[in-house]
Structures are given as structure tokens and as C-alpha cells.
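Chemist: Below is one structure. I have some questions about it.
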Amino acid sequence: MHEGPRPVMRGRFVELVPYERLVFTFGWEATPGAPDIPPESSRVEVTLTPDGDGTELTLRHSDLPTVLEEETGDGWAHLLHRLAETAEPGDQPLDQAPGPCEEGERC
């Protein structure tokens, strides 16, 4: 089990185009175990492009320290894989999806 304070990611939204693009700054508060990426020191761009019956998601994370590029890329790959597993074709559109989970439910 993790002991001590958990790393906290901090940034701000820079651009939001609904259903198309999201840009935000990214970094970690100084905490033991957190990557050495100061808050708001890097930039993440997420672009959504229609692709047949689905959507292609492109993620670019820039201004990273060279030494952390591979580790950060691996982290994003893991999270995007989990997103792909969750967003199976045929899932309900967001405007028809059920509301937030109740306490104790697995979502």
C-alpha cells in the first residue's frame, strides 16, 4: 500500500473546443515519488477526429524533460488503453449515459 502523500497533478485548461480539442498545462506538485515535472510546465493536447463509426483520439504531450518522455508516454499509453476498454463501440452517447455512480458502486 502507498504510504505518505500521493502525487498531485496540477495544470490549467488552455483551450476547449467541445467534441474536438482539449489543451491543458500539466505538471506535478513537489511530492516524494512524483515525477520532476513542475506544475503547468508541460502542455497536453487532445484532438478528437471522427473516424467512420468511431473517433480517433490523438494525444501530444510537449515540453517534457527528455529523461521523462518515455515514462510519461508509457503512462499515457496505459491510460488510453484503459479508456479504449471502457469506451467500447456501441456504448451510449454521453448525453444518454447514466449519471454518476452512487457511493460504493463500481463504475
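Every number here is computed from the coordinates shown, using simple stated rules; none is lab data. Worth saying up front: this structure is predicted, and the values here are computed from it rather than measured. With ideal geometry, Cβ positions are generated from the backbone for all residues, glycine too; neighbour counts draw on all protein chains shown.
Chemist: Once phi is turned into θ = phi - 60°, what whole-Hz ³J(HN,Hα) does the Karplus curve with 6.51, -1.76 and 1.60 give for every residue of the range 38-45, x standing for Gly and Pro?
Modeler: x, x, 6, 8, 10, 10, 10, 10
Chemist: What net charge is computed for the residues neighbouring Arg10, neighbours being all others with C-beta under 9 Å from the C-beta of Arg10, Lys and Arg scored +1, Asp and Glu -1?
Modeler: Details: positive: Arg12; negative: Glu29, Glu40.
That sum, taken over residues with Cβ under 9 Å, equals -1.
Chemist: Follow-up question, since we're still on this one. Quote the relative contact order of the range 28-86 in percent (integer), defining contacts as alpha-carbon pairs under 8 Å separated by 6+ residues.
Modeler: 24 percent
Chemist: Now for a separate question. The range 1-88: which trypsin sites (Lys or Arg not before Pro) are DSSP loop and have at most 11 other beta-carbon atoms within 10 angstrom? The partial results should precede the final answer.
Modeler: Working: sites: Arg10, Arg12, Arg21, Arg43, Arg60, Arg82; in loops: Arg10, Arg12.
Hits after loop and neighbour filter: Arg12.
Chemist: Select from the range 1-71 those GluC sites (Glu not before Pro) which occupy a DSSP coil region and have at most 13 other Cβ atoms within 10 Å, ordered by residue number.
Modeler: Details: sites: Glu3, Glu15, Glu20, Glu29, Glu40, Glu45, Glu56, Glu69, Glu70, Glu71; in loops: Glu3, Glu20, Glu29, Glu40.
Those satisfying the criteria are Glu3, Glu20, Glu29.
Chemist: Residue by residue through the range 74-79, what is 3J(HN,Hα) from phi via Karplus (6.51 cos²θ - 1.76 cosθ + 1.60, θ = phi - 60°)? Round to whole Hz and write x for glycine and proline.
Modeler: Taking θ as phi minus 60°, the curve returns 5, x, 5, 4, 4, 5 Hz for the range 74-79.
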